[in-house]
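Report on one structure; see the data block that follows.
Read-outs: derived from the displayed coordinates by stated rules, not from any lab. Being a predicted model, the structure only gives us computed values, none of them experimental. Cβ sites come from the backbone with ideal geometry, for glycine too, and all protein chains shown count toward neighbours.
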Amino acid sequence: MKQALITGVRGFAGSWLAAELLNHNYQVQGIDISSAPVQNKAAARTLDDPAELAQIPVHASRLDDIMAVEDLLAGVQGGTIFHLAGTAFVPDTWHSPLQTLENNALVTVRLLEAARNTGWQGNFVFASSSDVYGNPDRQAMPLTEESPLLPESPYARTKLVSEQFLPFYCSDSLQTMIARPFNHSGPGQRDVFVIPAFIKRVREAIIDRHSSIVVGDLNATRDFSDVRDVARAYRIIAEQGESGEIYNICSGHQTSIKELIDTVQAVACSQLELQVDPELLRPEGSSQRFGDSTRLQKLGWAPQYTLRDTIEALWDD
C-alpha cells in the first residue's frame, strides 16, 4: 500500500487531499497543529466508509523544532510528503510578515532538512501558489510555469522562497516537485475567501430580504478550480510528476467577479442588484490572472468540475 504524509491535513485542501488519497488506496497520516480528527463532511462523503477520514492518524506539531520533526518522520514509513501547511489567507500576511516567513518558508526548509536527515525515501510535493506570478500585464496571459515571477505579498514571497530551497534537497532518494495552484474553492473553505464570501453575502441578503449587495471591482478576473480537481492534481503530480519540475494547477479560463456573482445568483435563484463601492476599487485598475496547465495535463490530469459545480456544492454544504 502506498504511503502518504500530509502537512496541514486538517485544513481545507488537506482534508480533501486525504480523501482523494484514501480513495486511491493510500495509507495516510497527517501533521497539523492539533491532533484532533480530520473533519470535512463533504470530503468524507466521497469515501465508501465516511468515518475513515476522521480515523487518519494526526501528529500534533507546528514543525518548529527540527529534532522533533526528525523524530516524527523517523516513525513514518517513507512514501510521499504532501506539504500543504502554512498561512493561506493573503491579507493576514501583510499584518504578520515575520510569522508568515516562519509558517511558510522556514517550516518548509525545516521539513526538507528533516526528510534528508532521516533518509526519507520518496517524493516531496510542495503546494506553492499562483501568487508567485504577481499581477502581470494582460499580454502575459495565460501564465505558464516559465512566466516571470513577481511576488507582491509576504505570502507570495514566502512561497517563492520555499520553492527556491527545494532544489538544494532534491536527490535520488528525495524527489521534489512544486505545485502552483490557482484560486480553488469547495465545501469546507472559510468564508473569508472569495467564493464562499459571496455565497454568504447573497444568502444573508436573501434571508434579510435585501434587494442589493455591495461589491468591488466586477471586472477583475481569476482562474477558479474546484478543490476536488486540485486534490486529484496533487496525487497525480506525486505519482506521475518529474522530480524538480513545477506544475500549474488551473482551469485555463478567466472568470470575472461579475460572472462569479451571476453564477452564485443563478444557483441561489436570486436577482440582487450589485452596487459598486468606489472605495473597494483598485487605483491601478482591474487585476487579471489565469494560467496554462498543459504540463499537468500531459500527466493525465484534466479538470472535471465546472465553476457552477463548485458553487452548487458550496451552497448545499
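Numbers at a glance
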| quantity | calculated |
| --- | --- |
| Over the chain, equivalent-ellipsoid semi-axes from the Cα gyration tensor in Å | 33, 22, 18 |
| Per-residue Cβ neighbour rank within 10 angstrom, fewest leading, LEU63, LEU73, LEU218 | LEU218, LEU73, LEU63 |
| Positive-end residue of SER287, LEU5, GLN55, charge dipole of the chain with Cβ unit charges | GLN55 |
| The chain, relative contact order [Cα under 8 Å, separation at least 6], % | 18 |
| Where the Cα pairs of segment 204-317 fall when distances are cut into 10 Å bins, in % | 13, 34, 30, 17, 6, 0 |
| Alpha-carbon centroids, segment 83-112 and segment 1-74: separation in whole Å | 19 |
| Considering only the chain, percent of DSSP beta bridges that pair antiparallel, nearest 5 | 5 |
| Dipole magnitude of segment 109-160, debye to nearest 20 (Cβ charges: Lys/Arg +1, Asp/Glu -1, about Cα centre) | 220 |
| Column: log10 I(q)/I(0), Debye, Cα scatterers of segment 92-183, q = 0.11, 0.21, 0.22, 0.26 Å⁻¹ | -0.35, -1.02, -1.07, -1.28 |
| Between segment 265-279 and segment 126-159, the Cα center-to-center distance that results, in Å | 30 |
| With Cα atoms, 0 to 90° folded angle of helix 257-268 axis to the chain main axis | 80 |
| Residues GLU145, GLU20, sorted so that the one with the fewest Cβ neighbours within 10 Å comes first | GLU145, GLU20 |
| Compactness relative to 2.2 N^0.38 Å, alpha carbon Rg of segment 117-268 | 1.23 |
| In Hz, Karplus ³J(HN,Hα) per residue of segment 189-205 (6.51, -1.76, 1.60; θ = phi - 60°; x = Gly, Pro) | 7, 5, 7, 7, 8, 4, 5, x, 5, 5, 4, 4, 5, 5, 4, 5, 5 |
| Candidates GLN139, GLN99, GLN164: whichever shows maximal mean-square fluctuation once the chain is modelled as a Gaussian network with Cα springs under 10 Å | GLN139 |
| Sequence-separation-based contact order of segment 144-256, relative, with Cα cut under 8 Å and 6+ spacing, percent | 39 |
| Per-selection metrics, segment 24-151 (Cα): Rg and Dmax in Å | 17.3, 49 |
| Sequence-distant aspartates and glutamates (8 or more away, or on other chains) whose Cα lies within less than 19 Å of LYS200 | ASP191, ASP208, ASP217, ASP226, GLU259, ASP262, GLU273, ASP277, ASP309, GLU312, ASP316, ASP317 |
| Evaluated at q = 0.13 Å⁻¹: base-10 log I(q)/I(0), Debye formula over Cα of segment 130-190 | -0.45 |
| Sequence of ILE206, ILE81 once ranked by neighbouring C-beta atoms within 10 Å, starting from the fewest | ILE206, ILE81 |
